Amino acid sequence: MKNKVSFFLLCAIASGLWAQTIQENQLPLKRVVILTSGLAYYEHSGSLSGNAGLNLQFRLDAVNDALKTLVINDPSSANPSITYQSEQTLLQTLRSLKIDLSDEPGMAVILSRLRGAEVEIAAPTAHTGRITGIEYRPAFSAQIYENEPWLLLSAKEGMKIFNLKEISSINFKDKSIEQDLNRALDLIAESRNSFSRQLIVNLPGSGRRNVSISYVIPSPVWKVSYRLDLGAAKPLFQGWAIVDNDSDTDWNNVELSLVAGRPSSFVQNLYPPYYVSRPVLPLSIAGTAEAAVYEKDYPSSARAKMDSGVMYEMAADEAQVYGYSSRAAAPSPNVTGGNVQTAAGSEAGGQFEFTIKNPVSLNRRMSAMLPLVESQIDARKILIYSGAGSHPRLGAELKNTSKMKLPAGPITVYDGGVYAGDALIEFWNENESRLISFGDDLSVTAVTGSTTTNAVSTVNISGGVMTINRSLSYIKTYTFLNSASAAKQLILEHSKTSNTNLVTPVANDQTASNYRFNVTLPANRETVFTVNEQRPISERITLLSQRPETILSYTTNQEIPARVREALQRAVELKKGADAADLAVKEIEEQRSRLIADQDRIRRNLEAAGNQTQQGMEYLRRLSALDSDIDAMAPALDKARANAKSAQQAYSDYLSGLNL
């Protein structure tokens, strides 16, 4: 699909694809957008004609981002491209040339690598021949023996040898070697700057047209510093932006915008070549065939079901790449409180953009401070105490009436025409109120104290379960002594206690972690301010499983209502009666068990003595008496068991029926 204006996301291609002469036309830098996320957007635009080439210089650490974000807008160029020297280009290119200078070789090594090449040497007369090799011969020089290189040359007259020290010049008959030598030297000269890389933008086209190129590269974040004059009749707020041009490009009358926000960004290594490892497989025509076995075929019915599956064929549409303009929205109306030409603010893709009204000129590696905002704002001088320290903080309550979203930064405060202190403020939305503090008020002292109480609030009984609801109170007392001769207004920030509710007093405002109270401090007086927070605690007690003495302890707790204590006292009496009835059953059962044990002992004695002996007859009499006693205890035991069951049922029914 062809558009009148096409946008191309660029990738690198081989330099051999661009054989036309590159014009030295350069697009001037027109627009710079600096973001607080550590990136900057650069836009070059201007008029070009015919086949054009642009040289873009980038720091080495910016090349990846440039390749990732570079966008071309050329209405007549159908096949633009980018060429550049990759990290391995120099070494690989030097090694590929006929004369290899990749390892900084000496003359002897260079000539040795060119064996077979035809040369003309001056040594000192002219000789022509082909390089046969390099021979090293011992020589004595300055009392030191060393090996000197000699050139072996195959000439028409035969083999000749020349000492390299005596050769004044060497010319290669093969012009391609001379060309490769010059190319190698050019590459080495271009690579001397190891801190930057050049991207060549190739724009084949015809006619004159307007072209723009944009990219995003790393940049120092822009900073902001504010000034606040609290001494003015209408407090004046002023902000300055601090920007740094650390690029390799001078800014000459560029449109400068500053963006506050946190866009997602990352770095991907697009600049260095990336190779994928592949497995090495044996040749398919070599070796022997391996033995194979095959699974049993499926029945025809099963195979028919398998073949009934649907196959999908995807049709690929022609890929189209669309670009978009990074121009910000129309600026909001200018709001200033003086004669300073400040920035215009506007929304920009979920962020907020400040555009400096006048063009900016700034040389590379230079920084500047530019007016950002100036406006009268609503401000009220106050003291702020956040529960720590001996003195409250000097501060102010500000409302952003500048009609701009303002980024975080330091505020230098002036009061009465003199410096009053420094403050900090976070990102500040329009019409949002904020507190700032810039010093301690030594005329006011603060002391804090805290106590914790645990009181029963309600008690109820239902279904045999007693629920005791308590209130855990956190009481904090703030004592302020204002020794100044004038009353002062203070905002007290009380840290919220987790899982509590504020009881007293009512907060004037609150944040995620603090309650805020407005407190007036009369002159030369002490002021006590108390904050009460409560946390409800609930305790559930199953009365049927409690011992009488445990229940009895609740009847003496004066925090429990009298009607509940009376009901529990009645429950204790019923429980005691049930326990006494159980005890009576146990006593009868123990007595009966003793009689049965005596019977067993006498029976064993009877077996030993025999029932015909006098002793045996005595044992028979005693067995008969024990049987009578055991039989006589049965009615009493039945009655005791019935009484115990009735008493326990009365206790259970009483507790289960309580509803207090």
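Tabulated values for the structure
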read-out: Count of residues meeting criterion [among the hydroxyl-bearing types (Ser, Thr, Tyr) and assigned to a strand (DSSP E or B)] in segment 500-521; value: 3
read-out: Asn611 in contact (Cβ under 8 Å) with a residue 12 or more places away in the chain, exposed (fewer than 12 other Cβ atoms within 10 Å of the Cβ) and more than 23 Å from Ser593 (Cβ to Cβ); value: no
read-out: Failed condition for Gln179, given (1) of a type outside the set (D, E, K, R); (2) over 30 Å from Gln85 (Cα atoms); (3) in contact with a Lys or Arg (Cβ under 9 Å, 6 or more places away or on another chain); (4) surrounded by fewer than 16 Cβ atoms within 10 Å (Cβ to Cβ); value: (2)
read-out: Residue match in segment 361-375 (condition: at pLDDT below 85 and in a loop (DSSP other than H, G, I, E, B)); value: no
read-out: Matching residues, segment 220-232, being of a type outside the set (Phe, Trp, Tyr), under 20 Å from Glu426 (Cβ atoms) and not in a loop (DSSP other than H, G, I, E, B); value: Lys223, Val224, Ser225, Arg227, Leu228
read-out: Scope segment 558-587; condition assigned to a helix (DSSP H, G or I), more than 25 Å from Asn643 (Cα to Cα) and among the hydrophobic types (A, V, I, L, M, F, W, C); matching residues; value: Ala562, Val564
read-out: Pair list, Cβ < 6 Å and 6+ apart or interchain, from segment 427-456 residues that are without any contact (Cβ under 8 Å) to a residue 12 or more places away in the chain to residues that are exposed (fewer than 12 other Cβ atoms within 10 Å of the Cβ); value: none
read-out: Lone unmet requirement of (1) closer than 30 Å to Ile34 by Cβ; (2) in contact with a Phe, Trp or Tyr (Cβ under 9 Å, 6 or more places away or on another chain); (3) charged (D, E, K, R) for Glu178; value: (1)
read-out: Options Ala597, Ala567: the member that is out of contact with any helix residue (DSSP H, G or I) (no Cβ under 7 Å at 6 or more places or on another chain), of a type outside the set (S, T, N, Q) and within 30 Å of Thr458 (Cα to Cα); value: Ala567
read-out: Positions within segment 233-262 being under 24 Å from Glu426 (Cβ atoms), not basic (Lys, Arg) and not in a strand (DSSP E or B), in sequence order; value: Pro235, Gly261
read-out: Residue count for segment 618-660, restricted to those that are touching a helix residue (DSSP H, G or I) at 6+ places or on another chain (Cβ under 7 Å), touching a residue at least 60 places away in the same chain (Cβ under 8 Å) and of a type outside the set (Gly, Ala, Ser); value: 7
read-out: Any chance Leu606 is more than 23 Å from Ala644 (Cβ to Cβ) and either touching a helix residue (DSSP H, G or I) at 6+ places or on another chain (Cβ under 9 Å) or of a type in the set (S, T, N, Q) (or both); value: yes
read-out: Enumeration of residues in segment 477-494 that are surrounded by fewer than 18 Cβ atoms within 10 Å (Cβ to Cβ) and either assigned to a strand (DSSP E or B) or of a type in the set (A, V, I, L, M) (or both); value: Thr477, Thr479, Leu481, Ala484, Ala486, Ala487, Gln489
read-out: Candidate set: segment 60-92, residues that are in contact with a Lys or Arg (Cβ under 8 Å, 6 or more places away or on another chain) and not acidic (Asp, Glu); chosen: the one farthest from Ala368 (Cα to Cα); value: Ser76
read-out: Pair list, Cβ < 8 Å and 6+ apart or interchain, from segment 384-397 residues that are part of a loop (DSSP other than H, G, I, E, B) to residues that are surrounded by fewer than 16 Cβ atoms within 10 Å (Cβ to Cβ) and among the aliphatic types (A, V, I, L, M); value: Ser390/Val447; His391/Leu442
read-out: Set Gln591, Gln599: member being modelled with pLDDT under 85, among the polar types (S, T, N, Q), in a helix (DSSP H, G or I) and closer than 29 Å to Asn643 by Cβ; value: Gln599
read-out: Thr453 being modelled with pLDDT of 95 or more and either farther than 30 Å from Leu228 by Cα or in contact with a Cys (Cβ under 7 Å, 6 or more places away or on another chain) (or both); value: no
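The values are calculated or read from the model by the stated rules, or taken from the named source; none is laboratory data. Every value quoted in this text rests on a predicted model; they were computed, and no experiment measured them. Every residue, glycine among them, receives a Cβ derived from its backbone with ideal geometry; neighbour counts consider all protein chains shown.
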